[in-house]
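Okay, structure first, notes after.
The values are calculated or read from the model by the stated rules, or taken from the named source; none is laboratory data. Since we're looking at a predicted model, the values are computed, not measured. We work out accessible area using only protein heavy atoms, side chains counted, and drop any ligands, DNA or RNA first. Shrake-Rupley method; radii C 1.70, N 1.55, O 1.52, S 1.80 Å.
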Amino acid sequence: MQGLPRGRARSAWAAAIGAALLVASVSACSSSEPEREYATPKELCGTKVSATTLEPLLPPGKKIAVKPTSAVGVKRCRLEVDGKVVFSTSVEKLGADTSARDVATSAIGVDPNDAGADNGRFIYSKTGAVGRVECPEPAGADSSFWVTARVSGDAVAADMLRFIKEYATAATGAGACAEG
């Protein structure tokens, strides 16, 4: 900083050091945050979902896999990120008088006393949600169909509600009311 008066030289050095520290701290922050390298699925085992609704519920990682499974009366769909189950859904046929609280009693990640929405059609938390699929009569006359979702970590409860509402609607179009 030759040729500059002493006070200006110090100011120039201070500005240069400050700029270098700022660049270093910004690059350190951005490189330490994990990234999502996979594309968010637009379908879960035959049921369409919007990536913008599903994405907030998924962790960072490199590779995602959609794995359908089923048991008697239940169709499950698991999402694995880097080989670990991080999100799962199910569609299940139950009795006509089943309530969301009944479903939440046996669902993992949600409790019957968690927040509810739409006059008891949905119950949700930061780790799971349940919702009734609106089936047209006569498909749902003697039974009810339910969807569940759960995350392996914590999510924002409002994101879980947004997802389960969309998933319950999509399940109707994917044939959930014809199951069983």
ask   = Roughly to the nearest percent, how much of the accessible area of region 68-179 is carbon and sulfur, given a 1.4 Å probe?
value = 49
task = Any aspartates and glutamates with Cα under 12 Å of the residue 126 Cα? List them, leaving off those in the same chain fewer than 8 positions away.
result = 111, 114, 154, 159
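Subtract the Cα-Cα distance of residue 117 and residue 154 from 0.36 nm times their separation in residues, and report this length gain in nm to one decimal. Provide the component values of the computation, followed by the final result.
Working: separation 37, 0.36 × 37 = 13.32 nm, distance 1.96 nm.
Contour length minus the Cα-Cα distance gives 11.4 nm.
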ask   = Cα extents of region 66-156 along the three principal axes, largest first, in whole Å?
value = 42, 27, 19
message = To make sure I understand the rule: partners must be lysines, Cα under 17 Å from the Cα of residue 75, and not fewer than 8 residues away in the same chain. Which ones qualify?
response = 48, 67, 93
query = ³J(HN,Hα) across region 130-136 via Karplus (A = 6.51, B = -1.76, C = 1.60, θ = phi - 60°), whole Hz, x for Gly/Pro?
reply = 10, x, 7, 7, 7, 9, x
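Enter the accessible area per residue of region 71-180 (Å², integer; probe 1.4 Å; all protein chains in place). List each step's numbers first, then the result.
Details: 5270 Å² over 110 residues.
Ligands and nucleic acids excluded, the result is 48 Å² per residue.
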